[in-house]
Structure formats: C-alpha cells, structure tokens
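The values are calculated or read from the model by the stated rules, or taken from the named source; none is laboratory data. From a predicted model like this one, the values you see are computed outputs, not experimental measurements. As a convention, Cβ positions derive from the backbone with ideal geometry for all residues, glycine included, and neighbour counts pool all protein chains shown.
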Amino acid sequence: MDELRWLDATAQAELVRRREVKPTELVDAALARIEQLNPGLNAVIATFDPRPGWATGPFAGVPFLLKDLAVEVAGTPFTEGSRWLADNVSRHDQELAVRYHRAGLSLVGKTNTCEFGLSPTVEPALFGATRNPWDPDRSTGGSSGGSAAAVAAGLVPMAHGNDAGGSIRYPAAWCGLFGLKPTRGRVPLGPEYGDLTGGICAEHALTRSVRDSAALLDAVSGPAPGDPYWAPPPRRPFREEAGADPGRLRIGICTRPRGGQYVDPAWAAAAIRAGELLEQLGHHVDEASPTGLDDPEYGPALGVLFRAFTGWVIGYWIRRTGRPPADGEIEPQTRAYWESARRVTATDYLLAVGTMQRICRRVATWFATYDAWLTPTLGGAAPLLGELLGTADNPLRGSRNAGRYLMFDGELANVTGNPAMSVPFGVDEHGLPIGVHVLGRFGDEATLFRLAAQIEEARSWAHLRPEGQI
C-alpha cells in the first residue's frame with residue numbers, strides 16, 4: 001500500500017500495462033488507504049465496488065473518486081452535501097462518468113462537498129467537516145475540498161472536481177496540488193445540465209502531477225451532442241504539451257488585490273518568485289492585469305449571477321424531488337442565498353449576463369497582448385475550520401470571511417470561460433502549501449500545461465507530502 005500511495009495516476013497505469021500490478025490490487029490498496037486514513041480526514045463519504053472495464057483506456061485500473069456534486073453514477077448516493085437529499089440515489093450516468101469509465105478509471109467512491117457547492121469550505125451539516133491533511137484543524141477550501149484532501153493524503157492519485165468560481169483551484173492551493181479549470185465547453189456537463197448560469201461551471205480534477213491532468217483532459221474532453229458551448233479543439237493531445245517548449249511568452253503579474261486586502265507575505269513572495277523563475281526560463285514578465293476588472297458593474301453583476309445560480313439549484317431540486325426543503329433540511333447560508341435569489345428578476349439576470357459578456361470582450365482584448373496572467377491563488381494559508389462557515393444567526397458570515405482569502409479574481413476564469421490553474425509553489429514557515437494562479441487565453445490549455453510543466457520540472461512538488469499529519 002505504501003509503495004503505491006504516492007505514485008501519480010500515470011505511473012500506476014504504467015504498472016498495470018506492464019502487468020506488474022493488477023487493477024484489483026490498485027483498487028484494494030486504495031480502499032485500504034481510505035479505510036485507514038479517512039476517519040481522520042472525512043474526505044470520502046461513500047465507497048462502492050467499481051464496474052468492470054479495466055482492460056482498456058489510458059488509466060486502466062487506476063482508482064478514482066467522484067466529488068458528490070453534479071456528476072452522477074446510477075445506483076450510487078447523490079446528496080450534493082445536503083440533508084434535503086440525504087436519501088437520494090442517482091438513476092442515470094452523467095456523460096463525464098461514462099467517459100471516466102471508458103478511460104479505464106476505477107470509480108471507488110464519492111468525496112465530501114459543501115451543500116450544493118455554495119460554500120468556501122467543506123463543512124456540510126450532512127457529513128461534517130473535511131480536514132486538511134497538512135493540518136487537520138484547517139479547512140481544505142471549497143467546494144472540491146473532499147477530493148483535494150483525498151489526493152493530498154494519498155488515498156487516490158487524482159479525483160474529480162468542479163469549478164464555478166475557483167472550486168478546483170482554491171482547494172488545490174490549500175492542499176498542495178495541481179488544479180486546472182478547463183476552457184468553457186471543454187468537458188461536457190450533460191445529459192442533465194447544459195448552460196449553467198451563463199456557462200460559469202467547468203468539470204475536471206485535482207491531481208498530483210501536470211501530466212495526469214493533461215492526460216485525463218485528453219481522455220474526457222470533447223463536445224457531446226447538444227452541448228451549448230464547444231471549446232476550440234486542441235492542436236494535439238494535451239499530454240504532449242506537458243514538457244513541450246512554450247516559446248517566449250509575455251506574462252502579466254499582480255500581487256496586490258484590487259480591493260487592497262492584506263496578503264500574506266509568503267503568498268505574495270511566492271508569486272514574485274514564480275515570476276522570476278519564468279523570467280529565468282526565458283519569458284517576459286511585467287506588472288499588468290486584464291482590463292475589465294475595474295468595471296464598476298462587474299462586482300454587482302457577479303452577485304446577481306451567484307444569487308441566480310442558487311435560485312436555480314434550489315428550483316432544480318424542488319422540481320426533481322417534488323417538494324421544497326423543509327425547515328432544517330438546508331443550511332442557514334443556503335436558505336439566505338435562496339431568499340435573496342427570489343429578488344433577482346429576469347431583467348436583473350440578463351443585464352448581469354450582458355455585463356459579463358462585456359468583461360469577456362475586454363479580457364480577450366488584453367490577451368491579444370499577453371499570454372497569461374500570474375497571481376497568488378489566494379491571500380493566505382488555509383484558515384481554521386469554522387472560519388468560513390455560516391451560522392444560524394449570521395448565515396453569510398463564512399462568505400464574508402472568505403474575502404480575506406479569495407481576492408485575486410479567480411472567478412474571472414468562470415466568467416470569461418478561459419482556462420486557469422493553481423500550481424504548487426512551496427510551503428510557508430508553518431509548512432502549509434502555497435499556490436500560484438495562472439489565467440490563460442480562451443481555448444489555450446496547451447500553454448498552461450507547458451508553463452506548469454516548466455515550473456514542475458524546476459520546482460518539483462512531488463516530495464511535498466503531509467505525512468505524519470494524519
């Protein structure tokens with residue numbers, strides 16, 4: 001078990017191809033790690049026997065966990081972190097789950113998430129808090145924190161996540177992982193979903209290595225019939241980009257948030273050092289930020305979109321379950337968001353979408369000059385559990401506190417549909433992970449994979465593990 005624990009998915013799949021390890025041995029080892037380590041993490045909320053089909057695919061036999069949000073597998077629990085849905089079981093497979101299966105992955109369970117993915121921390125009333133493997137008293141971040149904890153602790157080499165405002169990238173940064181949010185439309189959301197609130201949602205995974213993220217995106221990307229968005233097809237497989245020469249790129253860098261919030265010096269310094277590293281690698285780096293972020297209508301429009309998204313979530317589940325949530329079945333923060341959503345009119349929503357489309361055009365113009373935008377992923381190390389959680393008497397407390405950390409416009413990638421990534425970049429004085437964030441040009445995951453692989457080679461993070469903490 002220990003020999004397999006820290007191998008990435010590509011290495012595990014290679015052992016299967018060489019017949020040095022059987023797929024069943026990989027699965028058994030992963031389930032044994034979950035049984036041993038999960039009680040201290042609370043990252044995995046259900047396990048199940050994987051379906052057969054290990055013989056083919058680039059990740060044949062590799063154990064994999066699904067976040068309990070958006071992606072369904074028939075016959076398995078599907079709660080989206082809510083007591084309202086505690087007994088819900090999926091009746092169909094999402095297209096992404098089908099593609100994971102075709103890639104050879106062994107789907108062995110579900111990971112914890114905050115209620116409907118709406119919180120900046122994974123501490124749902126239904127299952128309880130997921131603990132960060134680097135410090136069990138700290139949050140993993142939300143909403144893919146269960147998956148992040150599982151990968152960071154070595155339960156599985158990679159796990160599913162989704163991202164509507166940083167939910168892959170923020171947990172990746174706080175748990176010392178690589179997290180890529182793909183271009184809008186790169187990975188299908190069907191058959192259950194299509195356009196979610198102007199296309200802000202994206203599906204992918206949290207991984208230990210850049211090559212795993214690239215190869216997995218190769219395996220699952222591409223449009224499904226009827227998709228409302230189609231991403232530009234890649235020029236070649238993404239796996240070939242990890243390690244390819246990116247050429248000389250022009251990169252904008254920013255370490256000071258627009259709102260003037262305090263930034264932990266270790267996180268600001270990491271972004272500066274990353275910029276210096278990229279200059280040493282031959283890139284041009286200067287202080288610059290995408291245009292459009294200073295638009296006075298940007299923040300209010302984001303608020304409208306988020307409230308509308310919450311209204312859609314609750315409305316969707318009312319229609320699917322046939323009843324509204326009873327008292328106590330949804331958390332105070334969710335109920336507060338839902339009540340606020342009822343005040344959003346159709347006019348408000350369409351005006352907000354128009355604002356976002358204007359921002360998209362301005363950002364696209366900026367990317368005619370720059371190839372990437374580099375910032376700290378967050379404003380500081382993972383907070384203590386409870387800090388980002390709403391309460392009955394102060395339901396929006398957690399979201400307000402999140403402003404101390406979520407300050408570098410990570411949601412811009414969701415607004416514009418551009419790909420973005422959080423890349424591990426060392427640890428702070430307390431031994432907690434630090435991440436740097438890179439926003440790329442629309443449809444250009446290739447450049448991000450090349451940059452990330454350059455950083456990975458120069459500043460490898462594979463040896464950074466939370467051993468002894470759990």
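In region 315-334, which residues are buried (at least 20 other Cβ atoms within 10 Å of the Cβ) and within 20 Å of Thr121 (Cβ to Cβ)? So that I can check it myself, show each step before the final result.
Initially, region 315-334 is screened for residues buried (at least 20 other Cβ atoms within 10 Å of the Cβ), giving 317, 330-331, 333-334.
Result: Ile330, Glu331, Gln333, Thr334.
Between Thr121, Thr130, Thr56, which is part of a loop (DSSP other than H, G, I, E, B) and touching a Lys or Arg at 6+ places or on another chain (Cβ under 9 Å)? Break it down stepwise before answering.
On the way: Thr121 fails: touching a Lys or Arg at 6+ places or on another chain (Cβ under 9 Å); Thr130 fails: touching a Lys or Arg at 6+ places or on another chain (Cβ under 9 Å).
It is Thr56.
In this structure, is Asp227 in contact with a Pro (Cβ under 9 Å, 6 or more places away or on another chain) and free of Cβ contacts under 8 Å to residues at least 60 places away in the same chain?
On the way: in contact with a Pro (Cβ under 9 Å, 6 or more places away or on another chain): yes; free of Cβ contacts under 8 Å to residues at least 60 places away in the same chain: yes.
Judged against the criteria, Asp227 is a match.
Let's see how each residue does on (1) assigned to a helix (DSSP H, G or I); (2) modelled with pLDDT under 95; (3) on the phi < 0 side of the Ramachandran plot:
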site	(1), (2), (3)
Glu3	yes, yes, yes
Gln12	yes, no, yes
Leu15	yes, no, yes
Thr24	yes, yes, yes
Glu35	yes, no, yes
Arg51	no, yes, yes
Leu66	no, no, yes
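Determine which single condition Asp327 fails, assuming it passes every other condition in (1) part of a loop (DSSP other than H, G, I, E, B); (2) under 30 Å from Val427 (Cα atoms); (3) not basic (Lys, Arg).
So Asp327 meets the others, but not (2).
Quick check: is even one residue across region 179-186 of a type in the set (Gly, Ala, Ser) and at negative phi? Can you show your working first?
Here is the first cut: in region 179-186, the residues of a type in the set (Gly, Ala, Ser) are 179, 185.
So of that shortlist, the ones also at negative phi come out as 179.
So far as region 179-186 goes, yes, one or more of its residues are of a type in the set (Gly, Ala, Ser) and at negative phi.
Kindly evaluate Glu387 against the criterion of being in contact (Cβ under 8 Å) with a residue 60 or more places away in the chain, of a type outside the set (Val, Ile, Thr) and either surrounded by fewer than 23 Cβ atoms within 10 Å (Cβ to Cβ) or assigned to a helix (DSSP H, G or I) (or both).
On the way: in contact (Cβ under 8 Å) with a residue 60 or more places away in the chain: yes; of a type outside the set (Val, Ile, Thr): yes; either surrounded by fewer than 23 Cβ atoms within 10 Å (Cβ to Cβ) or assigned to a helix (DSSP H, G or I) (or both): yes.
Judged against the criteria, Glu387 is a match.
Just to verify a result, which residue in region 263-299, among those that are over 28 Å from Phe449 (Cβ atoms) and under 24 Å from the mean Cα position of the chain (by Cα), is surrounded by the fewest Cβ atoms within 10 Å (Cβ to Cβ)?
Looking at residues that are over 28 Å from Phe449 (Cβ atoms) and under 24 Å from the mean Cα position of the chain (by Cα), I get Gly299.
Do we find a residue being over 19 Å from Glu115 (Cα atoms) and β-branched (Val, Ile, Thr) anywhere in region 370-381?
The initial filter retains those residues of region 370-381 that are over 19 Å from Glu115 (Cα atoms), namely 370-381.
Still in the list and also β-branched (Val, Ile, Thr): 375, 377.
Yes, region 370-381 contains at least one residue that is over 19 Å from Glu115 (Cα atoms) and β-branched (Val, Ile, Thr).
So if I check each of Thr355, Thr375, which one is of a type outside the set (A, V, I, L, M), outside any helix (DSSP H, G or I) and crowded, with 17+ Cβ neighbours inside 10 Å? Spell out how you get there, then give the answer.
Working: Thr355 fails: outside any helix (DSSP H, G or I).
Checking each option against the conditions leaves just Thr375.
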